[in-house]
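Participant: I'd like to ask some things about the structure below.
The values are calculated or read from the model by the stated rules, or taken from the named source; none is laboratory data. Only a predicted model underlies this, so the values are computations on that prediction, with no experimental measurement involved. So basically every Cβ, Gly included, is an ideal-geometry build from the backbone, and we count neighbours across all protein chains shown. Just the protein is used for accessible areas: all its heavy atoms, side chains included, with ligands, DNA and RNA removed. Shrake-Rupley method; radii C 1.70, N 1.55, O 1.52, S 1.80 Å.
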Amino acid sequence: MRKGTLRQILLITDGCSNHGEDPAAMAALAREQGITVNVIGILDQGAMDENGRREIEAIAAAGGGMSQVVYAKQLSQTVQMVTRQAMTQTLQGLVNRELKQIFGSDVSLEDLPPDKRGQVMEVVDELGETVALDVLILIDTSGSMKTKLPTVKEALIDLSLSLNARMGENRFSVFIFPGKRTHAEKMIDWTPRIEELSTIFSKLASGGLTPTGPALGEAIAYFERKRSLRSWIGDGDEPYIEESSL
């Protein structure tokens, strides 16, 4: 049996959406389709608006992912931490689903004896290093993000270098929002490395509305187009845990 692919959307923003659908509802739709939504909010010198903080937390909760609000200088470390912790969280969820199917609906990882739980966590750790990972990075480029974009660029390059130290295959895609003609605009198609961000970021123009919900919708649609193509050529895209590993 082939291993599937973990799919994540990494949303980087600094405030509230102000146009289009509810982003938390779109994140819930992503989760239904097997895509985890993680959100990182970037602070300036002061505190983030409370509405912005609540929205960030709501998007991640609905998308089954993680959220962090950090100052720009902490961004690189936070991007790597959130991406990896979300992988582990997703894999643990898959393990729990398998355990329920094998032992019954009331059994979870925490219910196993310590030695067995340790064995399962070793499997989770191994899968975290070997499973394929697709990360669609969705970057807010509204006016208030202008001064933060150079830090975002460096953080994403560091993320690429960090994840490429894994044995598993990584693929990244980068979208910005708002786009010139659409709610979100693709800047980089699926690639194992995102060093080309250096040339792209210098050309970005900040400004406009913040259509976070519609942008998430376009990110989901892009994942589904990729999935349809992979299915057509016979490459499955669903994550799984081998029964023998448990």
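Participant: Kindly establish whether A58 is of a type in the set (G, A, S), on the phi < 0 side of the Ramachandran plot and open to solvent by 30 Å² or more (accessible area, probe 1.4 Å). Quick ask: steps written out before the conclusion?
Facilitator: Working: of a type in the set (G, A, S): yes; on the phi < 0 side of the Ramachandran plot: yes; open to solvent by 30 Å² or more (accessible area, probe 1.4 Å): yes.
Considered against the rule, which asks whether it is of a type in the set (G, A, S), on the phi < 0 side of the Ramachandran plot and open to solvent by 30 Å² or more (accessible area, probe 1.4 Å), A58 comes out as yes.
Participant: Is it true that I157 is among the β-branched types (V, I, T), open to solvent by less than 70 Å² (accessible area, probe 1.4 Å), under 24 Å from Q89 (Cα atoms) and modelled with pLDDT under 85?
Facilitator: Numbers: among the β-branched types (V, I, T): yes; open to solvent by less than 70 Å² (accessible area, probe 1.4 Å): yes; under 24 Å from Q89 (Cα atoms): yes; modelled with pLDDT under 85: no.
So I157 fails the test.
Participant: Filter region 141-188 for residues that are among the charged types (D, E, K, R) and in a helix (DSSP H, G or I); which is farthest from T212 (Cα to Cα)?
Facilitator: Start the filter on region 141-188 by keeping residues that are among the charged types (D, E, K, R), which leaves 146, 148, 153-154, 158, 166, 169, 171, 180-181, 185-186.
Those left that are additionally in a helix (DSSP H, G or I): 146, 148, 153-154, 158.
Numbers: K146: 17, K148: 17, K153: 19, E154: 22, D158: 24 Å.
Here the answer is D158.
Participant: Related question: Being under 23 Å from L29 (Cα atoms) and modelled with pLDDT of 85 or more is the requirement here; does K186 meet it? It would help to see each step written out before you state the result.
Facilitator: Working: under 23 Å from L29 (Cα atoms): yes; modelled with pLDDT of 85 or more: yes.
Yes.
Participant: Residue by residue through region 43-81, note down the ones that are closer than 19 Å to T210 by Cα, at pLDDT 90 or above and of a type in the set (V, I, T).
Facilitator: Hits for region 43-81 are I56, I59.
Participant: Can you tell me which residue is nearest to E169 (Cα to Cα) among those in region 98-133 that are among the charged types (D, E, K, R) and at pLDDT below 75? Steps first, answer last, please.
Facilitator: So in region 98-133, the residues among the charged types (D, E, K, R) come out as 98, 100, 106, 110-111, 115-117, 122, 125-126, 129.
Still in the list and also at pLDDT below 75: 98, 100, 106, 110-111, 117.
Details: E98: 24, K100: 29, D106: 34, E110: 30, D111: 32, R117: 27 Å.
The extreme case among them is E98.
Participant: Related question: Among the residues of region 11-31 satisfying the criterion of being of a type in the set (G, A, S) and in contact with a helix residue (DSSP H, G or I) (Cβ under 6 Å, 6 or more places away or on another chain), which is surrounded by the most Cβ atoms within 10 Å (Cβ to Cβ)?
Facilitator: The first filter runs over region 11-31 and keeps only residues of a type in the set (G, A, S), leaving 15, 17, 20, 24-25, 27-28, 30.
Narrowing further to those that are in contact with a helix residue (DSSP H, G or I) (Cβ under 6 Å, 6 or more places away or on another chain): 15, 17, 20, 24, 27-28, 30.
Details: G15: 20, S17: 25, G20: 19, A24: 23, A27: 29, A28: 17, A30: 25.
Among those residues, the one meeting the criterion is A27.
Participant: While we're on this one: Identify all residues within region 128-147 that are farther than 25 Å from H183 by Cβ and β-branched (V, I, T); write none if there are none.
Facilitator: Those that are farther than 25 Å from H183 by Cβ and β-branched (V, I, T): T130, V131.
Participant: I'd like the full set of residues that are surrounded by fewer than 19 Cβ atoms within 10 Å (Cβ to Cβ) and either hydroxyl-bearing (S, T, Y) or over 15 Å from the mean Cα position of the chain (by Cα) (or both), limited to region 121-148.
Facilitator: Scanning region 121-148 gives M121, E122, V123, D125, E126, E129, T130, G143, S144, K146, T147.
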